[in-house]
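The values are calculated or read from the model by the stated rules, or taken from the named source; none is laboratory data. What you see is a predicted model, and the numbers here were worked out from it, not measured in a lab. We place every Cβ from the backbone using ideal geometry, glycine too, and count neighbours over all the protein chains shown. With ligands, DNA and RNA removed, areas are computed over all heavy atoms of the protein, side chains included. Shrake-Rupley method; radii C 1.70, N 1.55, O 1.52, S 1.80 Å.
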Amino acid sequence: MSAVEKSPMDGAPKIDFDKFRPTRSAIQRRNVKDYFMRGLIALAFVVACVPLISVLWTTIINGIKRLNLNFLSYNMTGVVGGNQTPSGGYGGVLHAIIGTLEITAGAMIISIPIGVMCAVYLVEYSIHGKLATTISLLVDVMSGIPSIVAGLFAFSMFTIIFGPGTINGFEGSVALSLLMLPTVVKSCEEMLKIVPNDLREASLALGVTKQRTITKIVLRTALPGIVSGAILAIARVIGETAPLLMTAGFISSTNVNLFSGQMTTLPVYVYQEYSKLSANCPANADATCVTTIPMERAWAAALVLIVIVLLLNLIGRIVAKVFAVKTER
């Protein structure tokens, strides 16, 4: 029997919707497929979380034993082998924490304003233009540049400008900013694109200038996404080692001047301690001399780096929440 029948009253075709109702077996097959896909997605989520949880657990277990106030309050000045220092510890990571924060902050100051302004130009001023296409291509190319190449570029530039042997923290900030810039541009560009055009048109219709519309409406609306992109960029570079080895160097003492002298960062500190593998102890050394102290310091410094990244993420989320546009319900 056909699903379309003639109505006995007016002769118009009448559709028999019961013919399109799925059978019980079809419903069961749909439920089975639904449960299978749910289980597959849940399994994929668990598999993706296993490496992350494993890394965090291993770092915490190996780093917590040496992570204490003394470790956070002293540098590596005067540390000899596995012997205990006069302060009661075995060397610290204070100089590396200061170096990481200052060099990363310098890279943020360079890359975030340039990246945001570049994204604004691509989205608001030169849509599908030749210059915009060229800039997008260059940004895509920069996103694939190895970190060691960025370090070589910064080292060569400072050598040409300030002379051979120039190594300081700001040079490391320049190298990291080259790695941060593509992430900032791409993330800000995508966030600006999803801002509704109705907001722009409404602002311009009220006589507001384009520049003020961008700064007060567009950027304010996209601020949470811009902050998230900046956090991703920071997470991208805060663990870099190779470019900082050749630009910022490595020292055992604390240097707070970003523009003069070598500075140590946490990734470089971890690398240096790991490369030692073990410390020397005299034949008549007592129990205070620890041969495995370099690896313990490396794990503790890695844990400090993870905590810093976590704090930066929390601060970024708080900033985005505070300055986000409030909508009335």
Between Ser253 and Leu138, what FRET efficiency follows from the Cβ-Cβ distance if R0 is 45 Å, with the result rounded to 0.05? 0.70
How many nm is it between the label spots at Thr85 and Val50, if each spot is 7 Å from the Cα in line with the beta carbon? 4.1 nm
A chain fully extended from Ser25 to Leu101 at 0.36 nm per residue, minus the present Cα-Cα distance, gains in nm 21.1 nm
XL table Lys186/Lys210; Lys210/Lys321; Lys130/Lys321; Lys193/Lys321; Cα-Cα > 30 Å flagged, in table order, is Lys130/Lys321
Please arrange Glu296, Glu201, Glu190, Glu273 by accessible surface area, largest first, computed with a 1.4 Å probe and ligands excluded. Glu201, Glu190, Glu296, Glu273
Applied in sequence order to segment 123-131, the curve 6.51 cos²θ - 1.76 cosθ + 1.60 (Karplus, θ = phi - 60°) yields integer Hz couplings, x standing for Gly and Pro, of 8, 9, 10, 10, 6, 6, x, 5, 5
Would you kindly derive the ³J(HN,Hα) couplings of segment 183-190 from the backbone phi angles with the Karplus curve 6.51 cos²θ - 1.76 cosθ + 1.60 (θ = phi - 60°), listing them in order in whole Hz, with x for Gly and Pro? 5, 5, 4, 5, 5, 5, 4, 5
Probe 1.4 Å, all protein chains in place: accessible area of Leu178 in Å², nearest 10? 50 Å²
Provide the gained length on full extension for the span Ile60 to Leu206, in nm with one decimal, where the gain is 0.36 nm per separating residue minus the Cα-Cα distance. 47.0 nm
Please get the size of the charge dipole for the chain, origin at its Cα centre, with Cβ charges of +1 on Lys and Arg and -1 on Asp and Glu, quoted in debye to the nearest 20. 1060 debye
For segment 244-304 and segment 53-119, what is the separation of their Cα centres, given in Å? 10 Å
Let me know the shape class of the chain, please: from the alpha-carbon gyration tensor, a ≥ b ≥ c as square roots of the eigenvalues, rounded when a/c is under 1.5, otherwise prolate if a/b is greater than b/c, or oblate. oblate
Taking the chain and a Cβ-Cβ threshold of 4.7 Å, the cysteines left without a partner are Cys49, Cys118, Cys188
Taking a ≥ b ≥ c as the square roots of the eigenvalues of the Cα gyration tensor of segment 34-141, is the shape rounded (a/c under 1.5), prolate (a/b larger than b/c) or oblate? oblate
So for the chain, taking the charge dipole from beta-carbon charges (+1 Lys/Arg, -1 Asp/Glu), which of Leu178, Ala26, Gly249 sits furthest toward the positive end? Ala26
Classified through the alpha carbon gyration tensor (a ≥ b ≥ c as square roots of its eigenvalues; rounded if a/c is under 1.5, else prolate when a/b is larger than b/c, else oblate), segment 261-312 comes out prolate
